[in-house]
1. If I take every Cα pair under 8 Å that is 6 or more residues apart in the range 4-202, average their sequence separation and divide by the length, what percent do I get for the relative contact order?
2. Under 17 Å between alpha carbons, and skipping anything fewer than 8 positions from K67 in its own chain: which aspartates and glutamates qualify?
3. Arrange the peptides 82-89, 201-208 so that the one whose residues have, on average, the most other Cβ atoms within 10 Å appears first.
4. Could you go through the range 37-46 in sequence order and give the Karplus-derived ³J(HN,Hα) for each residue, using 6.51 cos²θ - 1.76 cosθ + 1.60 with θ = phi - 60°, rounded to whole Hz, and x for Gly and Pro?
5. Kirkwood Rh, Cα Rg: Rg to Rh for the chain?
6. Around G171, which amide H atoms from residues at least 5 apart in sequence, or from another chain, sit under 5 Å from its own amide H, with H modelled in the peptide plane?
Amino acid sequence: MTDFAAARRNMVDGQVRTADVTDQALLSALLAVPRERYVPPGSTSLAYLDLDLPAGEGPDGARRLLKPMVLAKMLQAAEIGPNDRVLCIGCGYGYAAAVVARLAREVVALEQDAGLAAAARDALAPLANVSVVLGPLTAGWPARAPYDAILIEGATELEPRSFHAQLTDGGRLVCVLGAGPGAKATLYRRSGDDIGGRPIFDAAASVLPGFVKPPAFAF
């Protein structure tokens, strides 16, 4: 039988700390959240490996969960504080939302796949500060905006500037921008009516449904 507590510590020590994740609150959250509860059925033995686990085939195509190291570095860059309201876009089975719930005051976990949303709702039910909502990922969740931080749990081939209006002034958005080996985890920050972004590290992730760049026409 897998010793999940030992596997969790090995994940944090071997994958996360070694990737320059030093935020103590985040490390404590990663050590506390049982990732095996937030992975696809039958994948619990893989929960702590350095993999982007498949999240099943839905009507939108294949979905994958972010690697623990990629997620941890993105969350550290987002600088989530105890009074923050955070939107997690593409929450999958709810793991990132569970981690963020230990850092923030309130978490809105958005999913458009009804099966994934139901699984996330069940897994996250014990957490009073998390709400799972069902809707198109590309629309965000303006009903609870503005957010101090937005996490896009996957890659986007499109600049995520459409979420500008859902951020507070000074709010942060983190995502993986691009597809394939050239993709970069990117941090955006709103300042007044402007939003600027900068790459923070190389990262690979599957592109979320609706975030694929339209094909260009060649003449």
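1. RCO, the range 4-202: 15 percent.
2. Within reach: D13, D20, E36, D50, D52, E153, D202.
3. Per-residue Cβ counts within 10 Å, averaged per peptide and sorted highest first, yield 82-89, 201-208.
4. For the range 37-46, the Karplus curve yields 7, 10, 10, x, x, x, 10, 4, 5, 9 Hz.
5. 0.94
6. Answer set, sorted by chain and number: R190.
Since every read-out is calculated from the coordinates, none of them should be taken as a lab result. Keep in mind the model is a prediction, meaning the values are calculated, not measured. With ideal geometry, Cβ positions are generated from the backbone for all residues, glycine too; neighbour counts draw on all protein chains shown.
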